[in-house]
Each structure stands twice: as structure tokens, then as C-alpha cells.
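**Student:** Have a look at this one before I ask anything.
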């Protein structure tokens, strides 16, 4: 099936490398954190991130995108140059409140737990609710160092609830999401076990495989989609390690690797 084709699945999900995921939800086509630039080196302040693989599709191959769900705009592994150039082509970009100020144009900032309704083709609506995301260790002043980050929950009458974690390393955040949304069907978890010696003494900046498995259990999600586990050199765990941990935890049947 090509990326431009529709599907009868009410919440179809396709991984497009790194944090970029195409979600078809009740007739809407949503894209997370667009990263379409070629492999190469991308400066981030005093650091340089290395993209190790080209995107499997070009933006022109995606077809209509109704909205971009952008967890944050400050890091090239979540919004690279080609992804940034793609944003003006979509009707709406939902992101952090500070990111919306930086990006302007068609962006709308959402604070954690703030919601917006997107009209569906059948006349109903889908609700996008921003969730907190902690891009670093609990108990630290994370936003000052790694910036403001959000995740998202998708809900609509008659459709499964979908959670997109964004770059979150905190299981406390996951627990709060589960308390507010106890019926999550599908969890798109940004993993990869990102660590950097220059930031928080090598503590996790995103979920590792063990925490992703714990998050799946906390959320009691029927389906878990591991994103943010490939295409960048600073991801210290890949999909293979995550699959092994899920198998050891008896959760392999929940994984969706498409």
C-alpha cells in the first residue's frame, strides 16, 4: 500500500524513520515530527547530530496531510531542514506554545492538557489533546536544557484512543496520561534510549526499551508502535533491542513494527 492510499483501519500507523509517523485516524491523515532531510551531520548548538539514513519517502509522496503533530521544533532529529520546509504545506501544525511562537504561520501552540478539534471528512471531529513530555530525568529543570516538549492523545467517538509520547523519558508522565486516558488502545512510544554525556550526565532523554515496556504495561495498550529508534546516530538502542525486551516481558504480541 502506498503512503497516499487510504485504509479501512480506523487508526492505521506507518513508521517513516526516526520520529516521523503517518497516522490515518478516522479519515484524517496526521504526521508526527517530520524528518525528511538526507543522511548527514546536523548542528544543534555546540553539538552535532548525525542522521544515518535517508527518509524512506519524500514529502511529495505523502499525499494530503491534514495536520502535523510536532512534539518540539528545537532539535533536528525531530524537525530537520526538509521537515521544516514541509510545514507550510499543511493546513495546521500543532506544537508547543513556545514552538508556535518561533514557527509562526500555520502553527498553533498547545499547553499540556489543552485540546483542539479537527473536523473529519464524515462531519464528526477528532480531538487532539496535548500531553506533558519530559525530555530528560525526573526532578531536573529539563525545559531549560532540552526545551519544551509535548505529546498528544487522539480521541473521537467510535474510534480507538491513540497516545503519541513525543520525546519523553518519564514514567511518571506516562502514569498521568494513563490516569486521564484509561482506555488507550494504541501507544506510539518515542524510544531509542537517547543519552548524551554533555546533558544530564548521560541520563535518559527518551525512553529506553525497558521503560517502553513499562510504559506499555502502565497504559495497558493493545498495540505499541516503537518510533524514534532508527536513523540517528545518537539513539543508543535500536528496534532489535526493544523487541528483545518486549519478548522477555511477555509483551511481544503488542508490538506493531510496520
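**Student:** So which of 21, 90, 68 ends up being free of Cβ contacts under 8 Å to residues at least 40 places away in the same chain and in contact with a strand residue (DSSP E or B) (Cβ under 8 Å, 6 or more places away or on another chain)?
**Tutor:** Of 21, 90, 68, the one residue that is free of Cβ contacts under 8 Å to residues at least 40 places away in the same chain and in contact with a strand residue (DSSP E or B) (Cβ under 8 Å, 6 or more places away or on another chain) is 68.
**Student:** Identify the residue in segment 140-155 that is in contact (Cβ under 8 Å) with a residue 24 or more places away in the chain and more than 19 Å from the chain's Cα centre (by Cα) and, among all such residues, is nearest to residue 214 (Cα to Cα).
**Tutor:** Checked segment 140-155; the qualifying residue nearest to residue 214 (Cα to Cα) is 140.
**Student:** Of all residues in segment 118-144, which are touching a helix residue (DSSP H, G or I) at 6+ places or on another chain (Cβ under 7 Å) and part of a loop (DSSP other than H, G, I, E, B)?
**Tutor:** 133, 134, 135, 136, 137, 138, 140
**Student:** Residue 147: at pLDDT below 95 and surrounded by 21 or more Cβ atoms within 10 Å (Cβ to Cβ), yes or no?
**Tutor:** No, not satisfied.
**Student:** Determine, yes or no, whether residue 208 is surrounded by fewer than 18 Cβ atoms within 10 Å (Cβ to Cβ) and over 16 Å from residue 18 (Cβ atoms).
**Tutor:** Taking the combined requirement at face value, the residue does not satisfy it.
**Student:** Something else now. Out of (1) crowded, with 18+ Cβ neighbours inside 10 Å; (2) under 17 Å from residue 194 (Cα atoms), what's the single condition that is false for residue 225?
**Tutor:** (2)
**Student:** List every residue pair whose Cβ atoms sit under 7 Å apart, with the two residues 6 or more apart in sequence or on different chains, where the first one lies in segment 233-258 and is within 16 Å of residue 222 (Cα to Cα) and the second, anywhere, is assigned to a loop (DSSP other than H, G, I, E, B).
**Tutor:** Hits for this filter: 254/221; 254/222.
**Student:** Give 112, 137 a once-over and let me know the one that is modelled with pLDDT under 95, within 27 Å of residue 176 (Cα to Cα), surrounded by 14 or more Cβ atoms within 10 Å (Cβ to Cβ) and more than 14 Å from the chain's Cα centre (by Cα).
**Tutor:** Selected residue: 137, the only one of 112, 137 that is modelled with pLDDT under 95, within 27 Å of residue 176 (Cα to Cα), surrounded by 14 or more Cβ atoms within 10 Å (Cβ to Cβ) and more than 14 Å from the chain's Cα centre (by Cα).
**Student:** With a cut-off of at least 3 residues that are within 26 Å of residue 155 (Cβ to Cβ) and touching a helix residue (DSSP H, G or I) at 6+ places or on another chain (Cβ under 9 Å), name the strands (runs of 3 or more DSSP E) lying wholly within segment 1-117.
**Tutor:** In segment 1-117, the matching strands (runs of 3 or more DSSP E) lie at 93-95, 107-109.
**Student:** Answer with yes or no whether residue 97 is surrounded by 18 or more Cβ atoms within 10 Å (Cβ to Cβ), without any contact (Cβ under 8 Å) to a residue 60 or more places away in the chain and in contact with a strand residue (DSSP E or B) (Cβ under 8 Å, 6 or more places away or on another chain).
**Tutor:** No, not satisfied.
**Student:** Answer with yes or no whether residue 189 is closer than 19 Å to residue 44 by Cβ, surrounded by 24 or more Cβ atoms within 10 Å (Cβ to Cβ), in contact with a helix residue (DSSP H, G or I) (Cβ under 9 Å, 6 or more places away or on another chain) and in contact (Cβ under 8 Å) with a residue 24 or more places away in the chain.
**Tutor:** No, not satisfied.
The values are calculated or read from the model by the stated rules, or taken from the named source; none is laboratory data. Please read all numbers here as calculations on a predicted model, not as lab measurements. Heads up, the Cβs are rebuilt from the backbone with ideal geometry, glycines too, and the neighbour counts pull from every protein chain shown.
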